[in-house]
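Data first, discussion second: the structure below is written as C-alpha cells.
The values are calculated or read from the model by the stated rules, or taken from the named source; none is laboratory data. In this text, all values refer to a predicted model and were calculated from it rather than measured experimentally. Neighbour counts run over all protein chains shown; Cβ positions are idealised from the backbone, glycine included.
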Amino acid sequence: MVFCRCRIKSPPCIIIGMIGLNDPYANTANDEPSFPDTGELVSRIFSTGGLLQTKLGLDHRPEQAAMAAQTHASWDVDEPLFFEAGTGVGKSLAYLIPGIIKSVTCKRPFVVSTHTIALQEQIEQKDLELCRELFKSCEELAPLTGFRHAVLLGRGNYLCGARLTQALKSKTELFPSNEQTELTRISEWAKTTQTGLIQEMDPQPMPEVWDWVHADGHACNNRNCSPKTCFFRKAREAVRQANVIVVNHSLLFALLSAGHFPTGNVPGILFPEDFMVIDEAHTLPSIATEYFGLRLSAYGLRRQLLKLYQRRKPKARGLLARQGNPGLRNQVMALTEGAEHYFKAIHEAYLSTHKLMRLQTPGWHPNDLDVPLRDLVHGLTQLENRLEEGAERDELTGARRALQTYREGINEIIELSDPESVYWLEAGGQQADKVYLRSAPLDVAGPLRERLFARDTGLLLTSATLAEGPSMDSFKNKVGATGVLSEQVASPFDYPMQMEILIHASAPEPSAQDGRLNVQFLARQIESAALSIEGGTLALFTSYRDMLAVRKEIEGACLKAGRPLLCQGTGVSRSQMLESMKQHGNAVLLGTDSFWTGVDVPGQALAQVIITRLPFENPSHPVLEARSERCRQKGNSPFAELTLPAALIKFRQGIGRLIRKHTDEGRLLILDSRILTKQYGRLFLDVLPHDRFRKLT
C-alpha cells in the first residue's frame, strides 16, 4: 500500500493519499472544458510559431512536436506506444501537455512514472509549472489552469493517527526510555504538521520508533482511522481529485507485483480508467526483474519477530508483552535465535568465498525454520481469535501475515518451486556478512504484458535509449510488447560540434582469466585526461573492484592538483556526490552501474565522460546465466539476443551523460579497444552520436 504527497505551492496542488485502487475517479474540481479537436489543439501548442513559442518564449523543436502529436494519437485510442526521443527533445512537455488535456477533458487520471528522483523533481517543480503558466497565458486554455497534481510515495513515509495513539498507549511495552522520548517528539510534531510526512521532521525520527507509527501497518485501516484522526486517511480523501499523479518506478512495480490493479474488465494500470507514461523506460527490464521476484533476509525476519516480543531489562517489550502466554513468547525468542543461526549457517556453507551462488537443486539446505514458523503462526492465529477488534489485534494480524509470507517465501526458495524463476543466494552489507535469499523470473515479458500492455489503456514508454541500433524489436520483445507501435526522433543537439570523441586503440583488453582491467593503464589514462581539462570528469566503470583500485592510484594526483575526487561506495550518497560535482565544477567522479544513467550535470561541471569498458553484464550472475541457458535451449545466441542489446542501451546511456544542453561542450573518451577490434564493435560505433572520432595510441 502507498500514499502520495506534493509540496503545497498553489491551491491546485493537493496533498493526497493512495485511494483504493478500484475506487472510481471523481475529479470534480474543474468544469469539463470544451475543445472541438484536442489533436488540433496539441498541434497548435507545439507547432512553429505555436503557443509554446508565443506565450512562453520556448524554442520550437520539430522532434518535440512530433512526439506530442504521436503521444496524443496513441492515448486518444488507448493504445501503447514506444517513443525514443534523444536528449534535448523536451520529452516531459511533449507528454505532460497532451496528458493534462486528456485528463481534464475526459476526467481520467494521468499517471507519470519516472526512475530517478531528479526527473521526478523536475516534473513537479519545473515542467508542471510551465504547463500551468502556458494555460494561464491563453484564454482558450484557461479551463486547464486548475489541473491538480500530486507525487506518490510509499505509505511508510506517512504518519498514522491510530498507530500513534496505540504506540503512546503501549509505550512502556514497546519502547525503552530513550525511544519513549522520541515517541513524545513525534506526538508533539503531529499536532503542528499539515501532512504527517517523515520528510518534514528535522532531525529524522528514529527508525525503531517510526516503524510503529507510520501508515504501512495493519492497524491503519478504515475501521481504526478517519480523515479527522489520521493524516493518511485525510490525504486519501483528496487523491481522486488529482489529474496528474507522479510516481517512481520502484513504487509502481511494488504495487503491480502485489496485484494492485483494477479488477474485472475495467481498463487501467493502477487506477480505473487511468492512462500512463513510463519515462526512463530503458530501466523497465531490470526494475521488473527486481520487483517480480523474492528478496528475503535474516534482518527482515528478525525485525518482525522483535515486534512481537523481546526480553529486555528492565521490562520486556513487544506486542506479546501484554498479550499471549509464556509459551508463545518462548516460541518467538527461540525462533529469533534459531533464525540467526540458520542464516549464519547458510553464509558459512555457501557464501564464505563467493558473494553470489545460484541454487539449482531442490532441497539444497534443510528447512529448519518451517516448523517453528508454522507453529508460531498457528499460535498467533489462536491469540487473534481471542482478542477484541481494535488496533492491538490489527497489529498482531499484520505481524502474523508477515511471518506467514516469510515462511512461504523460504519454502519456495528452498524447494525452487517455480520452474519459471531463477533462485540464488547473495551476500550483502559492508562486510558481506548479510544473507539474502533471492529469486527472479526467467522472463519478465509475460508479467509485463499482463500488467501493462493488456490493460486496454493508453501507455507511453519513452527514453533517450530504447533501441540497440535502428530497431527497438529486441527491447519490445524483452518487455512483452511485440508488435506495439514504436517511433524514434533524434536529438536536436549538434554533436559533431559539441562532442569530441576519442577512442584508445591500444587499451589492453580485459583479462581472459578473471575479466579484470589493467588498473595501472586505466589510472594513468583517467588521471591524464581528467587533469588536462578545466571542467569535471565522470569515469564510468562496470566493476567496483576496478573502480576502487583506480581511486587508490589517482587520489594523490587529484589532491595535488586541487581536484575533488568523488567515488561511489565510499559512504557518500549518489545525490550528494552529484551535488558536490555541480558545486566544485572541476571534480573527478568515479561511478559504477547507477551512474551510467540518470546523471544530469550540465555545463563545465561535467565536461568529460570516460567509459572504461564496454558495459556487458556479468555473464556469471545467476539471472543472466539462467536466461542464457534458456536462450541456448531455444537454439539462439545469448550474447546476440541478451548481452549485446543490453550493453548497447547502457553504452548509449553512459554517453548521454555528457551533453545535456545546446550550450554544452565536452569530450568522450573510450578506453576499450574492443570497440575497434571486435566484430561486434561496429554496433557500438554505429550508436555513437557522430562518426568523427579520433584514435589514440
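Brief remarks follow.
- Screening residue 423 against (1) at pLDDT 95 or above; (2) over 27 Å from the mean Cα position of the chain (by Cα) leaves a single unmet condition, (2).
- One residue stands out among those in the stretch 647-675 that are in contact with a His (Cβ under 7 Å, 6 or more places away or on another chain) and not aliphatic (A, V, I, L, M): the one that is farthest from residue 478 (Cα to Cα), which is 673.
- Taking first residues from the stretch 151-174 that are under 13 Å from residue 215 (Cα atoms) and touching a residue at least 40 places away in the same chain (Cβ under 8 Å) and partners that are of a type in the set (Ser, Thr, Tyr) and in a helix (DSSP H, G or I), the Cβ contacts under 9 Å between residues at least 6 apart in sequence or on separate chains come to 154/250; 164/187; 167/187.
- Options 325, 367: the member that is more than 30 Å from residue 258 (Cα to Cα) and either in contact (Cβ under 8 Å) with a residue 40 or more places away in the chain or of a type in the set (S, T, N, Q) (or both): 325
- Unmet requirement for residue 503, which otherwise passes all of (1) of a type in the set (Val, Ile, Thr); (2) closer than 30 Å to residue 570 by Cβ; (3) under 26 Å from the mean Cα position of the chain (by Cα): (3)
Quick grid of which residues meet (1) under 26 Å from residue 256 (Cβ atoms); (2) of a type in the set (D, E, K, R); (3) modelled with pLDDT of 95 or more:
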| position | (1), (2), (3) |
| --- | --- |
| 34 | no, no, no |
| 47 | no, no, yes |
| 70 | yes, no, yes |
| 80 | yes, no, yes |
| 102 | yes, yes, yes |
| 116 | yes, no, no |
| 128 | yes, no, yes |
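- Residue list for the stretch 50-77, restricted to those being in a loop (DSSP other than H, G, I, E, B) and of a type in the set (Lys, Arg): 61
- Looking only at the stretch 655-673, residues that are farther than 15 Å from residue 500 by Cβ and surrounded by fewer than 17 Cβ atoms within 10 Å (Cβ to Cβ) come to 3 in all.
- Condition met for residue 358 (in the same structural domain as residue 303 (by TED's automatic domain parsing), part of a helix (DSSP H, G or I) and surrounded by fewer than 17 Cβ atoms within 10 Å (Cβ to Cβ)): no
- All conditions but one from (1) acidic (Asp, Glu); (2) closer than 18 Å to residue 277 by Cβ; (3) within 24 Å of the chain's Cα centre (by Cα) apply to residue 487; the one that does not is (3).
- Residue within the stretch 435-458 that is hydroxyl-bearing (Ser, Thr, Tyr) and closer than 30 Å to residue 490 by Cα present: yes
- In the stretch 184-219, the residue that is nearest to residue 393 (Cα to Cα) out of those that are aliphatic (A, V, I, L, M) and not in a helix (DSSP H, G or I) is 219.
- Of the residues screened, residue 349 is not one that is surrounded by 15 or more Cβ atoms within 10 Å (Cβ to Cβ) and closer than 30 Å to residue 424 by Cβ.
- On inspection, residue 187 does not qualify as hydroxyl-bearing (Ser, Thr, Tyr) and closer than 17 Å to residue 156 by Cβ.
- Of all residues making up the stretch 345-374, the number that are touching a helix residue (DSSP H, G or I) at 6+ places or on another chain (Cβ under 8 Å) and of a type in the set (Lys, Arg): 2
So that you can scan it fast, the table gives a plain yes or no per residue for (1) among the charged types (D, E, K, R); (2) under 33 Å from the mean Cα position of the chain (by Cα):
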residue: 357; (1), (2): no, yes
residue: 361; (1), (2): no, yes
residue: 364; (1), (2): no, yes
residue: 370; (1), (2): yes, yes
residue: 375; (1), (2): yes, no
residue: 378; (1), (2): no, no
residue: 383; (1), (2): no, no
residue: 386; (1), (2): yes, no
residue: 393; (1), (2): yes, no
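- Of all residues in the stretch 552-576, those that are free of Cβ contacts under 8 Å to residues at least 40 places away in the same chain and at negative phi have Cβ atoms under 8 Å from Cβ atoms of residues that are among the β-branched types (Val, Ile, Thr) and part of a loop (DSSP other than H, G, I, E, B), 6 or more apart or on another chain, in 566/572; 568/592.
- Test: residue in the stretch 334-346 that is touching a strand residue (DSSP E or B) at 6+ places or on another chain (Cβ under 7 Å), at pLDDT 95 or above and within 24 Å of residue 411 (Cβ to Cβ): yes
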